[in-house]
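What follows draws every value from the coordinates through simple rules; no lab data is involved. This structure is a prediction, so every number in the text was calculated from the model and none was measured. When we count neighbours, we look across all protein chains shown, and the Cβ atoms used for this are built from the backbone with ideal geometry, even at glycine.
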Amino acid sequence: MSQPLAAIFAPGFFTSQIVQVAATVSAVAAVVCGTVGVFIVIRGQSFAGEALGDISTTGGSGAFLAGAGPLWGFGVAAVAASAVMELIGIQRPRGRDLATGIVLGAGLGLAALFLYLDSVYHNTTGATVSLVFGSMFAITSSSIPAVIAFSALAICLVAALGRPLLLSSVSPELAAARGIPVRLVGAAFLLALAIAVALAAFTIGTILSTALLVGPAATALRMTRSPARAIAAAAAIGIAACWLGIVLSYDSYDWYHQSGKSWPVSFFVVTLIFLGYLLSGLPQRLRRRRASVASDPAPAARLS
Amino acid sequence: MSDVLPNGGAPILAVDQVSVNLAGREVLRDVRFSIEPGEFTGLIGSNGAGKTTLFRVILGLQAAHGTVLVGGAPRSRRNPLIGYVPQKFQLDPDVPLRTRDLVGLGLDAHRYGIALPLRTRRARVEEMLEAVDARGFADARVGTLSGGEQQRVLIAHALIAAPKLLLLDEPLANLDLRSGHEVVALLARIASEQQIAVLISAHEMNPLLPVIDRIVYLAGGRAASGTTEEVVRTSVLSALYGHHVDVLQVHGRILVVAGEAGELADTSDHAHTRTPVEIIS
């Protein structure tokens, strides 16, 4: 390998199975999160996404207690919580947020119990950290089939909902007038949202899942005008952040020789997503500043 | 002109003895009127008169007593004969939905799955954008458009499925005078060119007077319908409001002014006696 490339990709990076699994799982999760995330942002359901992510801590810790894989725990918890939200979701403008908040509180209560029991019976404090903040390099290749199955389900669901979902997301009034069952479409989307949350939680941790879910989509919305392009951009941004995060985390192993440990992947991924969001706002801000400077005859006067 | 239409001159919309109770309040009472194909009708009434409720009844979204026939058949959800422009439409400027996307959704939003990029679909959208003069902002996000532009896009969204009846809920409410005139002129042109009946609600009738064939006046949950001359008269509106109102002509504009308290014909309707001046100008 040439010298500059070797400086970026540490020796053994491309042959490491851990890296390959992390790259595969995170890319698949990023595509699902980009697809679902664009609708989350349009529908203003970020809070539901965040809440389901937090609640999947309950599922993850429960699965750990029962000796099952965390992905299944995340999935079961998120889907169950979204179903309860939908059931108690009151038909008022703010009813949705109330239902979300109530379910979030109850779910996290259970997580407190499960995490306590985990520490009693398994005597592992690391489990909590990897659950909440993710551990992409700890994912085994055996979980890839389940990740792909979950992803396919979520993407097929969003694709099948397609146009009715888009119209009811931008205007429930227009959708209802066309006979679209707005409530039913919303419930089906919530299921896709729950699956996306489970995948994001599996990839970068339950608490950080919302970053992968909402961040790339919010960035994509600043750069694109059509729904299809927004989804494609959100997926691409998510993949870029995850892969770059993996590279940096892998490299960080050598940053402090004495530590013998690499920095968490999730830290890099979330930070990159955040930086990307900030950067995407720059062109607009510059344009506005240039416009205001052009229209202002004495810009220096404003400094005082 | 209506005899050239397939349903042979039958009304496109027949509303008969429709009553609606919402939370114990009688919002509509024995409302009856009909609209012929290609007719331009103004649905006039102050805020809370039941205009939106009446639209929801016609769209099959609101339970009601009485009968509503659309194109001769009972009302139903997802009636392809009806196009609808809601009053409430708000999109953030960052929502990735272009004008052409929203117009395209008018064609097939009720179908599940993703729209295939067919050339015929694109051509229909292009044609519709042209018809409402929206090609200039076809690729702009809908949320960044002005109120008048958004109304034109919504009209295109409603018209692209080739309805026979277009319902517009207060399309002029948030528009400046000029944009309002443009929208009204556009609707009048489309209604006559494509023989589409238009039912347009407004709390102010004057901007519509030059183009409407008939008027449906809602007050106190009841309706009077006919030509403007037949309906907007002191005797008819006084009976409708349940108290005396004067219909005045001022510089070609019509003002409806509540009468003196002593002239009340029916004091049971407190909602209206409290209004010192009811101007529908």
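The local environment of A:Ala187, defined by Cβ-Cβ distances under 14 Å, has a net charge of +2 under the rule Lys, Arg +1 and Asp, Glu -1.
Highest mean packing comes first when the peptides A:186-195, B:171-180 are listed by Cβ atoms within 10 Å, giving A:186-195, B:171-180. Taking Cα atoms, how many degrees apart are the long axis of helix B:177-194 and the longest axis of chain B, rounded to 10 and kept between 0 and 90? Here the helix axis deviates by roughly 70 degrees. Spin-label model, A:Lys261/B:Arg78: points 7 Å from Cα along the beta carbon direction are separated by 5.6 nm. In chain B, the longest principal axis of the Cα atoms and the axis of helix B:147-159 are about 70 degrees apart.
Decide, for segment A:90-174, between rounded, prolate and oblate: order the square roots of the alpha carbon gyration tensor eigenvalues as a ≥ b ≥ c, take rounded if a/c falls under 1.5, and otherwise choose prolate if a/b is larger than b/c, else oblate. Judged from the Cα gyration tensor, segment A:90-174 comes out oblate (a/c at least 1.5, b/c at or above a/b). Helix B:99-108 and the long axis of chain B differ in direction by around 80°, with both axes built from C-alpha atoms. Two tests apply to each whole DSSP H helix in chain A, Cα reach of 20 Å or more along its axis and mean Kyte-Doolittle hydropathy of at least -0.5, and the ones passing both are A:17-43, A:46-66, A:70-88, A:95-121, A:144-170, A:182-204, A:209-223, A:227-251, A:265-295. Between the alpha-carbon centres of segment B:104-140 and segment A:153-219 there is a gap of 23 Å.
Applying 1/(1 + (r/R0)^6) with r as the Cβ-Cβ distance of A:Met223 and A:Leu117 and R0 = 41 angstrom yields a FRET efficiency of 0.35.
Label reach from B:Asp139 (point 7 Å along Cα→C-beta): in segment A:206-225, amide nitrogens under 20 Å belong to A:220-225. Straight Cα distances below 16 angstrom link B:Lys88 to the lysines B:Lys51, with same-chain residues fewer than 8 positions distant left out.
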